[in-house]
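What follows is a set of notes on a single structure, which appears directly below.
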Amino acid sequence: MRLLVVEDDLTIAEPLRTGLLREGFEVDLVDTGAGALAADACDLVLLDLGLPDLDGRVVCRQLRERSNVPIIVVTARGDEIDRVILLELGADDYVVKPFGFRELVARIRAVLRRAGGNEPQAQPDVQIEVGLLQIDPRTRNVSYDGRPVALTPKEHDLLVYLARDPDVVHTREQIIKDVWDENWWGSTKTLDVHIASLRKKLAPETIETVRGVGFRLVDSASSP
C-alpha cells in the first residue's frame, strides 16, 4: 500500500515516514498543498492541515473532488466544529496532535480496510430506485427527482445502506457498525453530519429521524 504523507514539519515527517516504512507501507512525502495535489496516485493520504501554501481544508476538498482516495486529516485544532467540517469535506478520519504512532497506524489500517471492500453493497450490480431516488452502485451515480446529486464516498455508502431497506428503521449503532466500522472510534456526531448533508442534497423529508432509535429512508412513492 502506498501512502502520501503531506507534512511540512520535517521533525515530524521524517520519523513518521521511517516508522511507516518499517510497518510495510510505501511512503511518498510532500511538504505543501500544491505538492499533494500534484502527487502520483496513492492508496491513502495523511494530510496535515497546517501547510505553508494552501489551507488544508482546501486541499482535502480538492482531493476529494478528483478522487475517492481515503483521507486521514491530522490537525492540532481541538475545536469540534473543525472536525465536523472536515468530515463534510470528505475526510474519512482524523487524528489530533499529539498522537501516538501505534494509534495512527491502527487508524490507517482501519480506513484502508473499510475502503478495500467493506462497503455496504451486497448487490453492487443492481440499480436501486426508491421513490424519486435512483442509485447506480456500479458507477456510483445518484439522482433525485431527475437531477444528478454529487456525494462524498461515505455519503454514498450511507445512502446505499439506507436505500437497500427503505422504510426500515436502522439504529444509530448498527449504521455506525455497518457503514463505518465495528471499531469506529469517533463520535456518533459523524453520522448526524452525514445525515444532514444527505437531506440537504436530496430533500429534508427523504430521511426520517426516529427519536431515540435511528433513521430510515422514506419511500416517497409509498407515503400517503
### Task
Quickly run through the range 100-140 and pick out the residues that are modelled with pLDDT of 90 or more and within 17 Å of the chain's Cα centre (by Cα).
ILE108
### Task
Search the range 68-82 for residues being at pLDDT 90 or above and buried (at least 20 other Cβ atoms within 10 Å of the Cβ), and hand back the single one that is farthest from VAL96 (Cα to Cα).
PRO70
### Query
Of the residues that sit in the range 144-156 and are of a type outside the set (A, V, I, L, M) and in contact with a Leu (Cβ under 9 Å, 6 or more places away or on another chain), which one is surrounded by the fewest Cβ atoms within 10 Å (Cβ to Cβ)?
GLY146
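Listed here are the residues, each with its yes/no results for (1) assigned to a loop (DSSP other than H, G, I, E, B); (2) among the β-branched types (Val, Ile, Thr); (3) farther than 18 Å from THR75 by Cβ.
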residue	(1), (2), (3)
LEU4	no, no, no
ALA34	no, no, yes
ALA41	yes, no, yes
VAL45	no, yes, no
ASP53	yes, no, no
### Summary
Scanning the range 153-182 residue by residue, those in contact (Cβ under 8 Å) with a residue 24 or more places away in the chain and under 12 Å from the mean Cα position of the chain (by Cα) turn out to be PRO153, LYS154, GLU155, ASP157, LEU158, VAL179, TRP180, ASP181
### Query
So which of GLY50, GLY90 is among the small types (Gly, Ala, Ser), closer than 29 Å to ILE195 by Cα and within 19 Å of the chain's Cα centre (by Cα)?
GLY90
### Query
Is there a residue being part of a strand (DSSP E or B) and surrounded by fewer than 19 Cβ atoms within 10 Å (Cβ to Cβ) anywhere in the range 8-22?
no
#### Entry: Those residues of the range 45-62 which are touching a Leu at 6+ places or on another chain (Cβ under 7 Å) and either modelled with pLDDT under 95 or polar (S, T, N, Q) (or both), in sequence order
GLY56, ARG57, VAL59, CYS60, ARG61, GLN62
### Pairs where the first residue, in the range 10-32, is in the same structural domain as ARG102 (by TED's automatic domain parsing) and touching a residue at least 60 places away in the same chain (Cβ under 8 Å) and the second is surrounded by 12 or more Cβ atoms within 10 Å (Cβ to Cβ) and assigned to a helix (DSSP H, G or I), C-beta under 7 Å, 6+ apart
GLY19/PHE101; GLU23/VAL105
#### Entry: Tally, over the range 141-170, of residues that are modelled with pLDDT of 90 or more, farther than 26 Å from ARG211 by Cα and outside any loop (DSSP other than H, G, I, E, B)
5
### Message
Could you check the range 27-47 and list, in sequence order, the residues that are under 22 Å from the mean Cα position of the chain (by Cα) and among the charged types (D, E, K, R)?
### Response
ASP28, ASP40, ASP43
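The values are calculated or read from the model by the stated rules, or taken from the named source; none is laboratory data. All values derive from a computational prediction rather than experimental measurement. Every residue, glycine among them, receives a Cβ derived from its backbone with ideal geometry; neighbour counts consider all protein chains shown.
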